[in-house]
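Heads up: the structure comes next, in structure tokens.
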Amino acid sequence: MNRFAELLDRLAYEPGRNNKLKLLVAYFRKTEDPDRGYALAALTGALSFKHAKPGLIRDLITERTDPVLFGLSYDYVGDLSETVALMWPKSSPSAASGGGEEGRASSPHNTPPSPTLTDVVTTLRTLGKTELPARLARWLDELDETGRWALLKLVTGAMRIGISARLAKTAAAALGNKDPHEIELMWPGLSPPYLELFAWLEGRSDKPVNRDPTPFRPVMLAHAIEDSDFAALDAADFSAEWKWDGIRVQAVSGRDERGHIQARLYSRTGEDITASFPDLVPSLHLPGAIDGELLVLRGGRVQTFNVLQQRLNRKVVSPKLIKEFPIHLRAYDLLGDDEADLRELTFVERRARLEAFVQKLNDPRIDLSPTIPFASWEELAAARADPKSAGAGDDADAVEGVMLKRRDAPYLPGRPKGPWWKWKRDPHIIDAVLMYAQRGHGKRSSYYSDYTFGVWAAGEDGEQLVPVGKAYFGFTDEELLQIDRFVRRNTTEKFGPVRHVVHEPDQGLVLEVAFEGLQRSPRHKSGVAMRFPRINRLRWDKPPREADRLETLERLLMTMTAN
Amino acid sequence: MRPQDILMPVAAGLCCKPGGFHIDPVRPVERALITHGHSDHARAGHGAVLATRETLDMMRLRYGDGFAGSVQAVAYGEEIRLGDVTAKFHPAGHVLGSAQIEVACKGIRIVASGDYKDVRDPTCAPFEVVPCDVFITEATFGLPVFRHGEAASEVKKLLASVSLFPERAHLVGAYSLGKAQRVIALLREAGYDAPIYLHGAMEKITSYYQERGIPLGELRAARGMKKADLAGTITLAPPSATSDVWTRRFPDPVTAFASGWMRVRARARQGGVELPLVISDHADWDGLTATIQATGAGEIWVTHGQEDALVHWCRTRGLAAQPLDLVGYGDEDESETTPAGEAGA
Ligand SMILES: [Zn+2]
């Protein structure tokens with residue numbers, strides 16, 4: 001654990017990609033199995049165990065330290081895991097060794113050996129909830145400061161170290177001078193601690209083969225296109241289709257050992273969501289892997305995201321729910337066709353295979369995402385501005401924008417820049433007033449970077465601001481500094497990491513907030529919740545009294561749910 | 001007589017009326033007793049200065065010969081009579097020549113410890129616990145999150161990075177007085193025997209350490225070196241220089257910083273540090289609390305730093321404690337400026 005902690009610690013500070021790569025390769029080279037395999041899993045987000053709640057960590061430290069000292073320390077450090085890691089009391093003189101050795105054999109008698117990463121990961125998988133606090137405390141006793149920090153980040157699921165899964169795999173590939181793409185292709189069939197992978201990379205065995213009949217394949221994502229990007233792009237190189245406002249999924253079917261068809265539905269992060277959509281499974285009756293969008297269709301018409309929302313996060317999928325919200329898969333791409341892996345083919349070739357596949361499926365629940373014909377960017381801009389008359393017809397309200405895909409591009413996992421672009425419809429915009437600010441995490445922990453904003457509504461005591469959302473991105477670094485300064489100078493009250501910021505009709509900061517959609521939410525005092533809110537602009541010029549009113553949002557909500 | 005009749009904080013610093021002197025005054029006074037050579041404690045322009053020989057030498061190096069009207073070198077353990085009080089200097093373990101000043105008057109003993117640390121440092125005399133009635137302690141790292149650990153293991157971390165990135169230069173930000181020489185000495189103890197490079201601002205003070213018999217191995221000026229020749233080397237520089245155009249002469253430098261502040265990630269990141277090294281010349285939380293207990297003092301005055309937490313801790317241990325309102329301390333390196341010829345290329 002200590003060696004993994006040192007790696008995380010060093011990665012967290014190193015800005016250069018090549019240097020990060022070098023650190024990772026060195027770690028994989030000098031660390032033994034299975035520890036390095038679990039490290040690779042941790043870095044690629046492939047570990048799964050129930051995360052510990054921050055409340056549990058708080059309880060542990062409260063039992064062991066003076067609350068005043070903890071409060072002062074937490075306020076100074078700004079991060080719970082780090083505070084606890086640093087001020088965790090030494091349990092015995094021998095417990096807090098500064099060394100970075102993983103080995104337990106070398107530990108002298110009476111010194112508790114510090115847990116290895118393998119110990120931690122395998123224990124957490126099976127540990128009961130009631131046993132967790134005592135076990136965690138024991139590990140914290142045995143580790144040094146950096147080890148405790150890494151452990152707490154790991155168990156709370158808050159490991160943000162600024163490296164992508166792709167980079168970790170690239171480092172593993174470098175160990176055996178392999179092309180990282182090779183690892184990507186075999187990745188779905190591998191599982192931690194990746195003993196076969198490392199054996200192959202070190203030339204000790206053959207390339208691992210995939211035995212899972214329904215593997216998840218890492219998803220390809222698009223970059224948001226900016227106006228300035230078009231100049232360098234030729235419209236003839238791209239195919240366009242609608243970006244549907246549903247849930248991106250991967251529907252995979254394959255034959256198990258006995259030749260029976262198995263089907264799985266994955267979210268774009270690889271989470272198995274088959275159980276939530278049993279009504280789609282019978283439709284996936286041909287072996288293959290479809291990349292598509294889950295939608296609710298009623299009478300052949302695509303419903304808005306608000307309707308689809310009703311089918312999400314349900315514990316029980318009742319026949320009534322299935323009937324009221326009939327699920328549908330709109331196919332964008334074909335990644336596998338029976339035994340064949342299509343990901344190395346070009347988009348045009350895959351699209352032809354997809355059309356044939358969907359036709360062969362011949363199922364009312366699965367259809368093709370139509371392409372949008374266009375000859376120039378101007379024509380496409382017109383289609384995006386008016387999807388209704390450009391082919392989307394009555395489904396236009398469920399169109400979020402336009403997707404651009406290079407005709408000659410293979411299917412690449414992650415978010416490669418260039419082959420795919422998303423061109424969203426203009427977002428909704430309101431002017432809201434900054435009400436509360438909270439310190440951010442990670443490299444923003446010294447800044448107030450999470451903002452709660454509100455709009456005006458009539459209250460018992462006259463006009464008042466009601467919170468309608470929270471945003472923590474969209475602003476530039478320079479704007480972050482400006483808001484942070486504003487928050488510090490205009491704080492009216494402090495509650496731990498949260499500051500109340502002045503918000504009076506003539507005093508306060510107006511934020512122009514952009515968002516993608518709205519929905520009703522009984523959890524919010526205002527009754528509405530925003531999708532993807534972000535700070536679009538700072539309106540230093542605008543007095544808070546001129547910010548928007550709740551009625552504006554309610555009107556918008558009506559138009560969005562009316563159909 | 002109460003302790004505050006012997007020593008009390010005034011605008012110029014800690015004032016001893018019955019002895020007719022100030023300790024580490026921040027404004028010019030008639031007679032000053034100075035704990036150590038850092039610029040926030042040792043200022044120029046006093047009438048008379050009493051300090052250890054090393055502290056006086058360091059002041060002369062920084063300010064020139066006329067830095068005070070008169071000077072008197074005081075050895076560790078030597079007792080001097082000043083007015084109604086006696087004063088004695090004891091090693092503080094902070095930097096070369098650093099001292100705690102014990103002031104005794106009518107049976108009351110107060111120790112003004114200046115800056116101190118209670119861990120090993122090959123470049124200065126070790127800290128000595130001085131039993132007293134009132135202990136005046138710094139609180140630079142007066143929060144329980146500050147636990148510095150072994151300096152040797154931090155140096156190991158630096159050497160591991162040097163061997164992992166042989167094509168890059170390692171730039172270690174360190175205060176010019178004390179920290180830089182300690183880091184060099186620790187590198188030598190760890191077996192590193194290649195030449196170590198120095199920023200121009202550190203040359204004078206570092207050769208002074210060598211003159212005083214502290215072995216630091218082969219040192220070279222970074223000035224005038226070819227970029228390619230600095231690959232795989234270690235250079236010590238004042239913290240301010242590591243984010244300066246000065247760094248452009250180094251090949252893809254790894255920026256390290258040796259400081260107790262490096263314990264807190266947000267703090268390290270703010271400074272753009274890539275390799276934080278937790279090496280401190282101030283006592284950490286465990287050091288502060290252990291020292292307070294070891295002095296046997298019943299009353300603790302806490303100055304410059306995180307006073308609140310340490311005062312709270314003292315009170316939970318049944319000790320009378322209060323923050324001492326002294327300003328002007330804590331920026332040890334602020335007055336370091338880049339000498340001509342170092343800036344630019
Ligand atoms: Zn000092």
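A few points about this structure:
- Rounded to whole Hz, the Karplus (6.51, -1.76, 1.60) HN-Hα couplings of the range A:163-175, x for glycine and proline: 10, 8, 4, 4, 5, 4, 5, 4, 5, 4, 4, 4, 4
- Note on B:264-277: average number of Cβ atoms from other chains within 10 Å of each residue's Cβ is 5.
- Looking at the range B:134-179, none of the chymotrypsin sites (Phe, Trp or Tyr not before Pro) sits in a DSSP loop with at most 14 other Cβ atoms within 10 Å of its own Cβ.
- Note on A:16-22: average number of Cβ atoms from other chains within 10 Å of each residue's Cβ is 2.
- Taking a Cβ cut-off of under 14 Å around A:Val528, the surrounding Lys, Arg, Asp and Glu residues balance to a net charge of +3, with basic ones at +1 and acidic ones at -1.
- Charged-residue dipole, Cβ positions (Lys, Arg, Asp, Glu), the range A:204-278 about Cα centre, Debye nearest 20: 660
- For the range A:294-397, the spread of Cα positions along each principal axis, largest first, Å: 44, 41, 23
- Peptide A:59-70 has a mean of 2 when you count, residue by residue, the C-beta atoms of other protein chains within 10 Å of its C-beta.
- Under a 5 Å amide H cut-off, with hydrogens placed 1.01 Å from N, A:Val528 pairs with A:Ser521 among residues at least 5 apart or on other chains.
- Pairwise inverse Cα distances across the range B:15-167, averaged and inverted, put the Kirkwood hydrodynamic radius at 16.8 Å.
- Cβ-based net charge around A:Arg407, under 9 Å, with every Lys or Arg adding one and every Asp or Glu removing one: +1
- Euclidean distance of C-alpha centroids, the range A:111-160 and the range A:165-182, integer Å: 28
- Computed on the Cα trace of chain B, the radius of gyration divided by the Kirkwood hydrodynamic radius gives Rg/Rh = 0.98.
- For chain B, built as a Gaussian network whose Cα springs stay under 10 Å, the top-fluctuating residue of B:Ala268, B:Ala104, B:Ala160: B:Ala160
- 20 °C / 1.002 mPa s Stokes-Einstein diffusion coefficient of chain A, Kirkwood radius on C-alpha pairs, µm²/s: 80
- Normalised Debye scattering of the range A:360-422 at q = 0.14, 0.16, 0.19, 0.24 Å⁻¹ gives log10 I(q)/I(0) of -0.55, -0.70, -0.90, -1.09, counting only Cα atoms as equal scatterers and leaving out solvent.
- Close amide-amide hydrogen proximity is noted between A:Leu368 and A:Ala331, each under 5 Å apart and 5 or more residues distant or on a separate chain (H modeled in the peptide plane; Pro and chain starts excluded).
- For the range B:1-158, the antiparallel share of DSSP beta bridges with both residues in that region comes to about 60%.
- For the protein assembly as shown, the share of DSSP beta bridges that are antiparallel, to the nearest 5, is 70%.
- Taking the range B:51-92 and a reference point 7 angstrom along Cα→Cβ of B:Lys106, the backbone N atoms nearer than 19 Å belong to B:81-87.
- Neighbour cut-off at most 10 other Cβ (10 Å), DSSP loop, GluC sites (Glu not before Pro), the range B:181-251: B:Glu218
- Computed [θ] at 222 nm, helices only, for the protein assembly as shown once each DSSP H run of length n ≥ 4 contributes -39500 (n - 2.57): -8500 deg cm²/dmol
- Bins of 5 Å, starting at 0 and running to the largest distance - Cα pair percent for the range A:1-69: 3, 13, 19, 17, 14, 12, 11, 8, 2
- Per-selection metrics, the range B:155-252 (Cα): Rg and Dmax in Å: 12.5, 35
- Between helix B:53-63 and chain B: long-axis angle, C-alpha atoms, 0 to 90°, nearest 10: 60
- Convex hull per residue volume in Å³, alpha carbons only, for the range A:192-276: 216
- Hz values of 3J(HN,Hα) by residue in the range B:206-217 - Karplus curve (6.51, -1.76, 1.60), Gly and Pro given as x: 5, 5, 4, 4, 5, 4, 7, x, 9, x, 10, x
- Integer Hz, Karplus 6.51/-1.76/1.60 couplings in order for the range A:261-271, x for Gly and Pro: 6, 10, 10, 9, 10, 10, 6, 5, 8, x, 6
- Centroid-to-centroid separation of the range B:119-167 and the range B:1-74 [C-alpha atoms, Å]: 26
Laboratory data are not the source of any read-out in this text; all were calculated from the coordinates shown. Note that the coordinates shown come from a computational prediction; the quantities given were computed from them, not determined experimentally. No Cβ is skipped: glycine too gets one built from the backbone with ideal geometry, and neighbour counts run over all protein chains shown.
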